[in-house]
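Taken together, the values in this text are just the output of simple stated rules run on the coordinates, not laboratory data. Here the structure is a predicted model, which means the values were calculated and not measured. We place every Cβ from the backbone using ideal geometry, glycine too, and count neighbours over all the protein chains shown.
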Ligand code: BMA
């Protein structure tokens, strides 16, 4: 197994798997890596995306403030662990009057395609749908048309064009706390017109992912296929439980699933994942991957309150898929 079109990240945040542990994904010992009160006015910071940036790290963070408005903020870090998050939300530039009113935005993902940064998030437009913006410098963000009609969430762009098209995962949903959901894929020549929609995969009965699933970090290209980390939800008598799993998608036709691990790789069990504004949630939105060492640092929202960090090796995740699919 080899990582393809990856990056070297020598300063990737990392801790070895704790002695005696056999977990395929393990938590940072100093979690939560970002506390809920990172800003004087933040109620919570979670479901956020980070990327390598100028030898350091940058990100777009979901901050719910103390009025409980959901907004997107820029942040920077030297080591991926200590973050400076800007107190003011990102002010998106937008030429389209109908789209430019920013009502709320949440659950951002960030990806770099051919040197340009792209931000996707759940954007309000008569209901939640997929908002999109790009930036060449991570300073000025240009918002473009929403990808879809409402209701849709969990928009995740692949980190390169495939067959000369942008490729976007999404999860059609409803206006509330959707009790269903499959992952679909859509393609666009220009980031504006989306089509060639394909079903990727759906929930699995009698499992940790039986109610709904949705994309997570931007997929990671490997010689074996696209490694997709995603979330899956089960409905318990006490509400939804959000866990994370892994699957492998075909490199050229990524709506074709090569394999899908049966067990979850991360589920809510640390206190900060089980207790918070929404109990029992791990929700990965970003993964930093060092192509030289196969090391992965996964950033995930915990209990809709804080950001957690977990580590894994890409080859071990691919092996788990092959062994348990
Ligand atoms: C989803 C989204 C996420 C959230 C999750 C659990 O529908 O709203 O932002 O983390 O529910 O509350």
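Return the Rg/Rh value of the chain, two decimal places, where both radii are evaluated on C-alpha atoms and Rh is the Kirkwood radius. Before the final figure, lay out the partial values.
On the way: Rg = 17.9 Å, Rh = 19.4 Å.
Rounded to two decimals, Rg/Rh equals 0.92.
When you count, for each residue, the other Cβ atoms within 10 Å and take the mean per peptide, how do 140-153, 288-301 rank with the highest first?
Numbers: 140-153: 18.6, 288-301: 22.2.
The most tightly packed comes first, giving 288-301, 140-153.
Just the projected area, averaged over all directions, of the convex hull on the alpha carbon atoms of segment 241-325: how many nm²? Intermediate values should be presented prior to the final figure.
Working: hull surface 23.7 nm².
With every direction weighted equally, the projected area is 5.9 nm².
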Quiz prompt | By average C-beta atoms within 10 angstrom, highest first, the peptides 309-320, 183-194 | solution = 309-320, 183-194
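With a ≥ b ≥ c the root eigenvalues of the C-alpha gyration tensor of segment 53-174, is it rounded (a/c under 1.5), prolate (a/b larger than b/c) or oblate?
On the way: a/c = 1.63, a/b = 1.12, b/c = 1.46.
Oblate, since a/c reaches 1.5 and b/c is not below a/b.
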Quiz item: Remind me, relative contact order of segment 26-324 in percent, using alpha carbon pairs under 8 angstrom and six or more residues apart?
Solution: 16 percent
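Determine, for 222, 178, the number of other Cβ atoms within 10 Å of each Cβ, and report the residues in order from fewest to most.
178, 222
Which percent, nearest 5, of DSSP beta bridges in segment 59-142 are antiparallel? Write out the running numbers ahead of the final one.
Values: 24 of 25 bridges.
If we restrict to bridges inside segment 59-142, about 95 percent are antiparallel.
Kindly give Rg over Rh for segment 3-106, based on alpha-carbon atoms, with the Kirkwood expression for the hydrodynamic radius. List each step's numbers first, then the result.
On the way: Rg = 16.6 Å, Rh = 15.9 Å.
Expressed as Rg/Rh, it is 1.05.
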Quiz item: What is the packing order of peptides 125-134, 44-53, 236-245, taking the mean over residues of other C-beta atoms within 10 Å and listing the highest first?
Solution: 44-53, 125-134, 236-245
